[in-house]
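What follows is a short report on a single structure.
The values are calculated or read from the model by the stated rules, or taken from the named source; none is laboratory data. Predicted, not measured: the structure shown is a model, and the values here were computed from it. Note that each Cβ is placed from the backbone with ideal geometry, even for glycine, and that neighbours are counted across all protein chains shown. Side chains included, ligands, DNA and RNA excluded: accessible areas come from the protein's heavy atoms. Shrake-Rupley method; radii C 1.70, N 1.55, O 1.52, S 1.80 Å.
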Amino acid sequence: MILYVSGRDTDDLLMVLEGVRGVTVKRSQERKKRKYFEKGARKESMGQASATVFLDSAMGENELAAVRDILVQGVRCKEVEVVVKEAGDRAFAGPAADAEILVALTNALT
């Protein structure tokens, strides 16, 4: 499964996802540049960070459940957008406390 994650609050979300076995995160050039200038630049002057997240097809159910939980919490609380490629490029933008959106995201990640 392929996911696209973008937005101003992607850093924490991506770092947590990188810790899950079977997840590969490829950060965009903008993200790499942002990390380089992070110490001296104001956050509002930087562009949005983005990344492509690859989920291994051989992931176990526990790892997939962890990814679902991380992404649902991210969309619920952070300024991020998650696009699920296999679900017809469905986009989910946060912060969103609407239960319908969070359930739809969970269903798209199964």
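For the reader, a short list of remarks on this structure follows.
- Applying the condition of being open to solvent by less than 60 Å² (accessible area, probe 1.4 Å) and either assigned to a loop (DSSP other than H, G, I, E, B) or among the small types (G, A, S) (or both) to segment 99-110 and asking which residue is nearest to D12 (Cα to Cα) yields L109.
- Contact annotation: residue pairs with Cβ atoms under 8 Å, 6 or more positions apart or on different chains, pairing a residue in segment 72-98 that is closer than 16 Å to A51 by Cα and open to solvent by 20 Å² or more (accessible area, probe 1.4 Å) with a partner that is part of a loop (DSSP other than H, G, I, E, B) and of a type in the set (A, V, I, L, M, F, W, C), are K85/M1; A93/V80.
- Looking across segment 52-69, the residues that are modelled with pLDDT of 90 or more and surrounded by 17 or more Cβ atoms within 10 Å (Cβ to Cβ) come down to V53, L55, L64, A66, V67.
- The set of residues in segment 72-98 being among the hydrophobic types (A, V, I, L, M, F, W, C) and either in contact with a strand residue (DSSP E or B) (Cβ under 8 Å, 6 or more places away or on another chain) or not in a helix (DSSP H, G or I) (or both) consists of V75, V80, V82, V83, V84, A91, F92, A93, A96, A97.
Here's the yes/no breakdown for (1) modelled with pLDDT of 80 or more; (2) open to solvent by 60 Å² or more (accessible area, probe 1.4 Å); (3) under 17 Å from K78 (Cα atoms):
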{"site": "R8", "(1), (2), (3)": "yes, yes, yes"}
{"site": "L13", "(1), (2), (3)": "yes, no, yes"}
{"site": "T24", "(1), (2), (3)": "yes, yes, no"}
{"site": "K32", "(1), (2), (3)": "no, yes, no"}
{"site": "K43", "(1), (2), (3)": "no, yes, yes"}
{"site": "G47", "(1), (2), (3)": "no, no, yes"}
{"site": "S50", "(1), (2), (3)": "yes, no, yes"}
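- Test: D56 is touching a strand residue (DSSP E or B) at 6+ places or on another chain (Cβ under 8 Å) and at negative phi: yes
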